Amino acid sequence: MNEPKVLPTDYVTKPGEFKTSTGKTLRTDEMIINMGPQHPSTHGVLRLEVVLDGEIVVDVIPHIGYLHRCFEKHAEHMTNYQQVIPYADRMDYLASMNNDWAYALAVERLLNIVVPPRVEYIRVIMAELQRIASHLIAIGTYGIDMGAFTPFLWCFRDRERILDLFEMTCGARLLYNYIWVGGVSHDLPPGFVEKAKDFCTYFRPKIKELNDVLSFNEIFIKRTANVGVLPKDVAINYACSGPMLRGSGVNWDLRRDDPYGVYDKFEWEVQIGKGEMGTVGDCWDRYMVRVREMEQSVKIIEQALAGIPEGNVQSAIPKRIRPDRGEVYVRTESPRGELGFYVVSDGTASPYRIKARSPAFVNLSVLPEISRGCMLADLVAIVGSVDIVLGEVDR
Amino acid sequence: MTPQEIYDNLKAKFGDAILEAKLDALQPWIRIAPERAKDIALFLRDEQPFQFDYMMCLSGIDYNDGNLGVVYHLFSMVHKHKIVLRANTSKENPRVQSVSSVWGTANWHEREAFDMFGIIFDGHPDLRRILCPDDYPGYPLRKDFKVPEFYNGMKVPY
């Protein structure tokens with residue numbers, strides 16, 4: 001009759017090996033499955049070729065390029081250095097202000113322009129507001145990846161206020177073309193400073209709310225702690241940057257360590273992962289660095305709003321941009337990490353070569369390293385914690 | 001370490017493989033022989049006074065005089081100094097030694113330079129196109145590249 005099946009009790013979970021109750025080791029078959037390019041948890045058009053052994057990830061091969069728009073080729077074909085800025089906007093569409101600033105900074109360094117202090121302050125305010133907006137998306141969508149829907153709506157609600165501030169300043173909500181070489185396109189509108197201050201007071205308690213509902217949520221911690229651990233030396237070898245690098249416990253922030261703009265005038269602290277919920281450099285650490293960075297950004301914005309000087313914001317914009325023969329690599333801290341522009345000038349009015357070193361591209365290249373040996377469901381957690389924007393990966 | 005000291009040390013160690021330097025540029029650079037790139041990279045990464053453990057950027061470039069180039073922007077997290085290396089290679093036979101075993105990040109950057117300029121990195125573990133489709137004709141960022149009229153039978157609109 002139907003005898004109860006005896007299941008092997010002592011199987012080991014090493015990938016590729018399966019031990020039966022008689023002690024025999026079997027090698028199971030590997031399976032290749034395709035994740036993306038249209039998958040809700042790949043945050044855009046990213047295709048992952050995943051080699052699986054049962055549910056354990058043996059290898060991941062990312063395939064990118066679905067959103068390649070030839071930014072570098074376009075930039076070479078422009079007739080003017082300023083015309084590149086709208087393209088730079090569209091690289092990382094969640095942090096356009098930071099992209100504009102990085103590009104403008106590179107050209108300014110080639111031209112040796114010093115921008116007026118008011119412009120520097122406006123740029124810091126915009127970049128930090130943008131950082132909060134970008135981190136809110138990273139956090140909200142990461143919540144969705146982990147099955148928490150409410151924080152997503154809260155994050156978008158708060159981000160909307162930041163977009164309102166941007167719309168008030170330059171008319172656009174997503175792609176601004178606001179920071180120009182040598183200045184900004186418009187001065188701050190009347191009432192902006194008050195509105196931005198209101199936002200800071202409004203936003204502080206929201207971070208606490210977010211922590212209560214998501215960051216210290218038991219289920220969320222279980223899903224993210226000890227998952228996708230990125231050790232310090234691997235992070236540096238793969239040139240990870242931003243929250244990815246800081247999450248691994250490296251005390252490094254270009255705003256403080258390779259300063260540009262007027263960041264050296266403000267009091268704030270670099271946040272690093274400490275392994276509070278698990279190992280240093282796990283997904284939770286990377287996530288938490290972003291949450292804590294938002295607090296620091298609010299701090300910077302408040303100081304910048306209090307100290308903003310008067311002045312003309314367009315006085316340093318050059319009539320004609322024609323840098324001398326030369327080249328420069330400038331790096332800035334975008335919400336995702338080190339955003340660098342390598343600009344080569346041959347003395348004409350259009351750039352000879354521009355290479356955008358996008359942080360998401362570099363951070364994504366470490367993905368196979370950190371996801372080998374994890375479960376398939378954890379792969380979703382890892383991809384989310386890298387916080388990629390495919391527009392920037394593919395450029 | 002100042003760029004001058006880095007240059008002197010490299011010159012003493014590698015001699016002929018260090019071809020040229022411009023140390024008074026906005027960002028000082030040293031030109032190296034493309035077939036020695038990996039040895040020099042390993043030396044710069046591991047030797048105590050340099051410790052260039054962080055590669056900020058690797059870019060390909062077409063000089064439009066029959067030469068292609070690779071530019072390495074290096075940084076040391078330990079000593080906080082920077083240096084730019086460059087390696088030039090001819091357009092007919094563009095070969096540069098791969099540094100992806102020295103810095104993991106170089107893997108994708110080199111694939112991108114291969115994709116855009118057709119530079120072949122000797123010793124790269126997985127040199128495939130990364131941004132363009134696998135069957136894309138030519139190397140788009142070369143200065144003599146012409147956008148093809150048709151791609152796989154489809155008319156390219158401009």
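None of the figures in this text is laboratory data; all of them are computed from the coordinates on show. Given the structure is predicted, the values throughout are model-derived calculations rather than measurements. Cβ sites come from the backbone with ideal geometry, for glycine too, and all protein chains shown count toward neighbours.
Structure above, values below:
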item: So A:Thr201, is it surrounded by fewer than 17 Cβ atoms within 10 Å (Cβ to Cβ) and among the hydroxyl-bearing types (Ser, Thr, Tyr); result: yes
item: Residue satisfying all of: in the range A:59-73; surrounded by fewer than 17 Cβ atoms within 10 Å (Cβ to Cβ) and not basic (Lys, Arg); farthest from B:Arg142 (Cα to Cα) among these; result: A:Asp59
item: Members of the range B:83-125 found to be under 13 Å from B:Asp62 (Cα atoms) and away from chain A (no Cβ under 11 Å), listed by number; result: B:Ala87, B:Asn88, B:Thr89, B:Ser90, B:Lys91, B:Glu92, B:Pro94, B:Phe114, B:Gly118, B:Ile119
item: Out of B:Asp39, B:Asp53, sole residue that is acidic (Asp, Glu) and either away from chain A (no Cβ under 11 Å) or under 18 Å from B:Arg111 (Cα atoms) (or both); result: B:Asp39
item: Candidates A:Val389, A:Val362, filtered to the one that is within 12 Å of chain B (Cβ to nearest Cβ), β-branched (Val, Ile, Thr), touching a Phe, Trp or Tyr at 6+ places or on another chain (Cβ under 8 Å) and crowded, with 23+ Cβ neighbours inside 10 Å; result: A:Val362
item: Number of the exception - B:Lys82 against (1) buried (at least 23 other Cβ atoms within 10 Å of the Cβ); (2) in contact with a Ser or Thr (Cβ under 9 Å, 6 or more places away or on another chain); result: (1)
item: Some residue of the range A:307-325 being within 14 Å of chain B (Cβ to nearest Cβ) and either touching a helix residue (DSSP H, G or I) at 6+ places or on another chain (Cβ under 6 Å) or within 26 Å of A:Phe192 (Cβ to Cβ) (or both); result: yes
item: Cβ pairs under 8 Å, 6+ apart, first in the range B:10-28 and in a loop (DSSP other than H, G, I, E, B), second among the small types (Gly, Ala, Ser); result: B:Ala25/A:Gly326; B:Leu26/A:Gly326; B:Pro28/B:Ala21
item: Near pairs, Cβ below 6 angstrom, 6+ apart or cross-chain, from the range A:273-298 (within 20 Å of A:Phe152 (Cβ to Cβ)) to any residue that is assigned to a loop (DSSP other than H, G, I, E, B); result: A:Cys283/A:Val227; A:Cys283/A:Gly228; A:Trp284/A:Ala225; A:Trp284/A:Met277; A:Val289/A:Gln271; A:Val289/A:Gly273; A:Arg292/A:Gln271; A:Glu293/A:Gln271
item: Whichever residue in the range A:249-274 is in contact with a Ser or Thr (Cβ under 7 Å, 6 or more places away or on another chain) and away from chain B (no Cβ under 14 Å) and, among such residues, is farthest from B:His79 (Cα to Cα); result: A:Gly273
